[in-house]
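The values are calculated or read from the model by the stated rules, or taken from the named source; none is laboratory data. The shown structure was predicted, so the numbers you read here are calculated from the model rather than taken from an experiment. Neighbour counts are summed over all protein chains in view; Cβ atoms, including those assigned to glycine, are modelled from backbone coordinates with ideal geometry.
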Amino acid sequence: MTYLTFEQVTKTFQSTAGPIEVVAPFDLTVARGELVVFLGPSGCGKTTLMRMVGGLETPSSGRILLEGTPLTRPDHRRGMVFQSYSSFPWLTVAENVAYGMRYRRDLSAGAKADRAQHYLAVVGLSDFASAYPSRISGGMRQRVAIARTLAAGSEILLMDEPFGALDAQRRETLQLELHKLQEEDARTIIFVTHDVEEAAFLADRVILFTRRPARILAEVEVSRRLGSRRTLATRDSQDFFALRTELLAQVRATAVEEAAA
Amino acid sequence: MAATRRTDLVIGLIACGALFAAWELVAWLGLTSPRFLPAPSQILVALWRMITEQSLLWHAGVSTLRVWTAFLIAAAMAVPIGIMMGSNRIVGAALEPLIDFIRYLPVPALVPLSIIWFGVGEETKIFLLWLGTFFQLVLLVADDVHRVPQEYHEIAATLGAPGWRRLLDVALPAMLPTLVDNMRITLGWCWTYLIIAEIVAADSGLGFVIWQARRYFKTPEVMAGVIAIGVIGLLTDQLVRVLHRRWFSYLRP
């Protein structure tokens with residue numbers, strides 16, 4: 001059985017200027033443990049699609065199925081990582097991670113504490129457990145958010161340009177870490193970005209979007225070309241360059257189309 | 001950081017000192033009539049006499065008690081109502097026009113009505129102070145709720161928090177620093193209404209003291225009374241700022 005399925009999903013927002021079609025009928029299946037990157041111009045509707053998976057928006061028509069069951073409301077099986085305001089400033093790093101399990105009744109207090117400890121270690125923040133988010137770097141704050149969703153028990157991580165506000169160095173470090181994490185933990189990740197290089201480096205599969213309303217322009221099986229393991233060396237490989245150039249050409253084509261429209 | 005703050009303080013003190021020195025000089029040279037602009041030294045003497053002979057501190061205590069009673073009643077009502085207005089569209093739409101209307105009514109214009117309703121006792125004074133505070137604060141609180149980043153609500157929602165827990169666990173702590181700041185500001189406004197409340201048939205309080213001094217043209221005493229209010233306001237404000245820094249130290253890098 002397929003894991004996550006989009007069936008003819010559409011989204012139309014009502015505005016004072018009339019209805020705005022954000023997502024055209026959209027079909028996609030995502031396998032368990034796959035890292036899918038939604039790549040496309042800003043405002044193309046890719047984030048809306050991801051938010052519908054999270055249950056933060058409802059499709060205007062069509063449905064999204066998780067293991068055959070339609071998704072309606074948000075729950076802890078799908079966790080969001082935002083670009084900004086990704087952690088609570090009034091809680092320490094450890095409390096932020098533990099917050100992921102706050103509303104779970106199936107875990108004892110002890111189990112929650114153990115899990116929080118564990119995922120803090122996974123993202124390498126054990127030494128900063130009692131620090132407040134304002135006193136750690138932006139990269140660490142994003143790790144806090146990732147640890148929170150992992151601790152919450154999210155099977156699907158929905159990441160909305162999570163590294164968009166970081167400098168190039170930290171970005172690269174976190175991309176590597178995310179990849180390693182996903183290899184070990186086999187969570188399903190939907191990662192939204194407009195950065196071609198980030199998409200090529202992270203993805204098992206890149207879904208390239210047209211401008212609004214969101215449609216699939218192209219699908220690229222990155223794993224088949226770069227392998228599923230990525231290291232710093234991947235970035236310097238011929239295959240990576242070729243892939244990046246190819247994706248860039250596609251993105252530019254949409255930009256030209258947009259300028260002409 | 002500490003050095004800059006100390007520099008600011010020194011600059012502030014020097015500016016104040018210069019102003020008072022100039023004022024003193026002008027009065028000492030006889031350029032102004034003491035009846036209109038007494039020298040700072042005369043005001044200080046008056047202040048001391050009022051403390052020792054006219055129980056100024058007791059009057060100040062009475063006024064402070066009135067301000068705080070009215071303010072606490074206003075805050076205890078404004079915070080829950082403001083949160084409801086900010087988080088529930090129907091409640092917000094229902095109350096906002098009404099509150100906006102009352103907010104623009106000048107408090108002095110409601111003095112006669114207040115006397116008809118509550119007489120000339122303590123209730124009228126508390127009511128007038130409450131009137132000047134509640135309607136301002138409630139809108140500020142509603143606004144604070146609106147300004148909680150959408151992301152915080154959504155993080156809580158995806159982790160399975162029901163609506164009311166989102167308010168309690170996320171919106172409230174997120175808005176608390178600005179809430180305390182807004183309370184500090186409205187408490188200041190409450191003091192500005194004190195004079196109006198205490199001019200109405202009062203026999204105690206700083207407003208009464210100032211009004212009495214005016215009747216006998218004791219300008220130094222009028223000014224001493226005004227200064228007493230200013231000092232209390234300044235001290236309260238600074239105290240709340242210190243507490244704010246301590247409570248919300250997590251906001252600073």
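So here's what we get for this one:
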{"item": "Helices (runs of 4 or more DSSP H) contained in region B:100-165 and holding at least 2 residues under 30 Å from A:V53 (Cα atoms) and in contact with a Lys or Arg (Cβ under 8 Å, 6 or more places away or on another chain)", "result": "B:150-158"}
{"item": "Subset tally (residues that are in contact with a Phe, Trp or Tyr (Cβ under 6 Å, 6 or more places away or on another chain) and either closer than 17 Å to B:P80 by Cα or among the hydroxyl-bearing types (S, T, Y) (or both)) for region B:168-211", "result": "4"}
{"item": "Pick from region A:57-82, criterion within 23 Å of A:R141 (Cα to Cα) and modelled with pLDDT of 90 or more, ranking: farthest from the other protein chains (Cβ to nearest Cβ)", "result": "A:V81"}
{"item": "Residue list for region A:40-56, restricted to those being among the small types (G, A, S) and within 12 Å of chain B (Cβ to nearest Cβ)", "result": "A:G54, A:G55"}
{"item": "Flag for A:S137 being more than 21 Å from the chain's Cα centre (by Cα) and polar (S, T, N, Q)", "result": "no"}
{"item": "Residue count, region A:88-104 (criterion: closer than 21 Å to B:W164 by Cβ and of a type in the set (S, T, Y))", "result": "2"}
{"item": "Residue list for region A:9-33, restricted to those being among the β-branched types (V, I, T) and either surrounded by fewer than 21 Cβ atoms within 10 Å (Cβ to Cβ) or free of Cβ contacts under 8 Å to residues at least 60 places away in the same chain (or both)", "result": "A:V9, A:T10, A:T12, A:T16, A:I20, A:T29"}
{"item": "For B:I155: the one exception among (1) closer than 25 Å to B:V240 by Cβ; (2) within 14 Å of chain A (Cβ to nearest Cβ); (3) surrounded by 17 or more Cβ atoms within 10 Å (Cβ to Cβ)", "result": "(1)"}
{"item": "Checking A:S154 against (1) outside any loop (DSSP other than H, G, I, E, B); (2) within 12 Å of another protein chain (Cβ to nearest Cβ), the condition it does not meet", "result": "(1)"}
{"item": "Unique match (being more than 23 Å from the chain's Cα centre (by Cα), surrounded by fewer than 17 Cβ atoms within 10 Å (Cβ to Cβ) and over 18 Å from A:F88 (Cβ atoms)) among B:A109, B:A94", "result": "B:A94"}
{"item": "Residue list for region A:84-117, restricted to those being farther than 17 Å from B:A156 by Cβ, more than 9 Å from chain B (Cβ to nearest Cβ) and not hydrophobic (A, V, I, L, M, F, W, C)", "result": "A:D106, A:S108, A:G110, A:D114, A:R115, A:Q117"}
{"item": "Conditions (1) within 27 Å of A:S228 (Cα to Cα); (2) part of a strand (DSSP E or B); (3) touching a helix residue (DSSP H, G or I) at 6+ places or on another chain (Cβ under 9 Å); (4) in contact (Cβ under 8 Å) with a residue 60 or more places away in the chain; number of the one not met by A:F6", "result": "(4)"}
{"item": "Residues of region A:180-190 satisfying the condition of being buried (at least 17 other Cβ atoms within 10 Å of the Cβ) and either under 21 Å from A:V53 (Cα atoms) or within 12 Å of the chain's Cα centre (by Cα) (or both)", "result": "A:Q182, A:R187, A:T188, A:I189, A:I190"}
{"item": "Failed item in (1) touching a Phe, Trp or Tyr at 6+ places or on another chain (Cβ under 7 Å); (2) more than 21 Å from A:A147 (Cα to Cα); (3) modelled with pLDDT of 90 or more, with A:W90 passing the rest", "result": "(2)"}
{"item": "Residue that is surrounded by the fewest Cβ atoms within 10 Å (Cβ to Cβ), among those in region B:58-80 that are within 16 Å of B:V226 (Cα to Cα) and in contact with a Phe, Trp or Tyr (Cβ under 8 Å, 6 or more places away or on another chain)", "result": "B:H59"}
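Condition check ((1) more than 14 Å from every other protein chain (Cβ to nearest Cβ); (2) farther than 21 Å from B:W58 by Cα; (3) at pLDDT 90 or above; (4) more than 19 Å from the chain's Cα centre (by Cα)) across all residues:
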| residue | (1), (2), (3), (4) |
| --- | --- |
| B:F217 | yes, yes, no, yes |
| B:M223 | yes, no, yes, yes |
| B:L235 | yes, no, yes, no |
| B:Q238 | yes, yes, yes, no |
| B:W247 | no, yes, yes, yes |
| B:Y250 | no, yes, yes, yes |
| B:P253 | no, yes, no, yes |
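Each row is one residue, and each column tells you yes or no for (1) within 10 Å of chain A (Cβ to nearest Cβ); (2) in contact with a Leu (Cβ under 8 Å, 6 or more places away or on another chain).
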{"site": "B:L131", "(1), (2)": "no, yes"}
{"site": "B:F134", "(1), (2)": "no, no"}
{"site": "B:L139", "(1), (2)": "no, no"}
{"site": "B:D143", "(1), (2)": "no, no"}
{"site": "B:E151", "(1), (2)": "yes, no"}
{"site": "B:G160", "(1), (2)": "yes, no"}
{"site": "B:G163", "(1), (2)": "no, no"}
{"site": "B:T178", "(1), (2)": "no, no"}
{"site": "B:R184", "(1), (2)": "no, no"}
